[in-house]
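Trainee: If you scroll down you'll find the structure; I have some questions about it.
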Amino acid sequence: MGGMQPTHHHVSGGGLLGAVLTVLLLLVAASAYLLAVRRARRRNPARGWSGRRTASFLTGLGLLGVALLPPLGSSAHTDFRGHMAQHMLIGMYAPPALVLAAPVTLLLRTLPPAGGRRITSALRSLPARMLSHPAVALLLSTGTLGLLYCTPLYNTAMDHPTGHWLMQAHFLASGCLFAYVIAGPDPAPARPGVRTRLVYLGFAIAAHALIAQAMYGGYFVDIHAPIDQVQRGAEIMYYGGDIAELLLAGALVATWRPERRTRRPRGPGTRRPVSPPHPAERIRDILATHH
C-alpha cells in the first residue's frame, strides 16, 4: 500500500457507451422479470405473484444501477473509497434483493413442463449440490477477498477494463450464490438447516471484519492507492458489510419455515404420521401445478 498514488486512473469502464449498455442490460432484466410475472399470473390467476418479490427484484436492479452508473461508477475507477462502496452494493446489497425475488420459482411457473423438468434436474445434479453448499459459497464470496486484496490481483484488474468488469461480475455472482444458499426462497435440494446456515453467516461476518481490519492497518494487503483512501475503504467494508450481513440474517428468519413435527402412533387405529416432503419433492410439486 505505502501511500502510492493510484496507478489505474486511466480505466474508464467505457464512458458513455458503458453507461448506455449498463442501462440497457438493467432494463432488459427488469422487462424479462415483469413479463414473466405477467405470464405467471395469467397461467394461474389464483396463485398470482407477490408484489413484494417484484419490488425486491427491481430494488436489486436499482442498487446495481447506482453502483455501475455515474457518479459512483466513475469514481470507483479512480478512488478506492468509490471502489469499496461499489463492491458493497454489487456484492452484498443487490444480491439479497435479487435472490429474495425468487427468480427460479418464477421461471418454473412460466416454463412448459419439459423446461421445468430440465431445471429441476439441473438443481438436483451433483455439481449444483456442490456449488450450493454453504462452504463453497462462503469461499467464493468471502474467501476470494483475501486473494483479491492481498495479492496484485486487484491492481491488475483495475489496470484493465476487462479485468474490472470480470471482478464486478464475480462480486455479483458470488454474492447471489451466498444469498441464495443462506436465505433464498427458491428451491435448493441440498440446503442445510437454519442453524448450519447461521454458522456460515457468522463465519462470513468474522472474515469480512478481519479483512477490513487488516486493510485499515495496512497488513498483508497490496492496494495501490493513498493510505487515507484505503483506510476509508476499509471502514466502508467493515460497517457496510456488517449491515448487509445483518439484513441477510433477517431475510433468513423471514423466509424460514419450521418443519412439521411428527408424533408416534399411540394405537393400531392411529394414522401413520406423514414426514415433511423432501426439498426435491417440493420442486416436483411446483412443476406439477403447470401441467
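Every number here is computed from the coordinates shown, using simple stated rules; none is lab data. Please read all numbers here as calculations on a predicted model, not as lab measurements. Because the Cβ atoms are built from the backbone with ideal geometry, glycine has one as well, and the counts that use them run over all protein chains shown.
Trainee: Give the order of V23, V99 when sorted by the count of other beta carbons within 10 angstrom, beginning with the fewest.
Mentor: On the way: V23 13, V99 28.
The order, fewest Cβ neighbours first, is V23, V99.
Trainee: Same structure, new question: Taking the Cα-to-Cβ direction at T151 and at R52 and moving 7 Å from each Cα, how far apart do the two end points lie in nm?
Mentor: Once both label points are built, they end up 4.2 nm from each other.
Trainee: Which of rounded, prolate, oblate describes the range 22-178, given a ≥ b ≥ c as roots of the alpha-carbon gyration tensor eigenvalues and a/c under 1.5 marking rounded, otherwise prolate only if a/b is larger than b/c?
Mentor: Details: a/c = 2.66, a/b = 1.56, b/c = 1.71.
Since a/c reaches 1.5 but b/c is at least a/b, the shape of the range 22-178 is classed as oblate.
Trainee: Determine the shape class of the range 14-85: with a ≥ b ≥ c the square roots of the Cα gyration tensor eigenvalues, call it rounded for a/c under 1.5, and otherwise prolate if a/b is greater than b/c, oblate otherwise.
Mentor: oblate
Trainee: What whole-number distance in Å separates the alpha-carbon centres of the range 115-146 and the range 166-242?
Mentor: Going from one Cα centre to the other spans 17 Å.
Trainee: Shifting gears a bit: Calculate, for W165 and N44, the FRET efficiency according to 1/(1 + (r/R0)^6) with r their C-beta to C-beta distance and R0 41 Å; round to the nearest 0.05.
Mentor: 0.60
Trainee: Using only the Cα atoms of the range 186-246, build the gyration tensor, take square roots of its eigenvalues as a ≥ b ≥ c, and label the shape rounded, prolate or oblate: rounded if a/c is under 1.5, else prolate if a/b is larger than b/c, else oblate.
Mentor: Here the range 186-246 falls in the prolate category.
Trainee: Another question, if that's okay. Any idea how far apart R129 and I227 come out in nm if each label point goes 7 Å out from Cα toward Cβ?
Mentor: 5.3 nm
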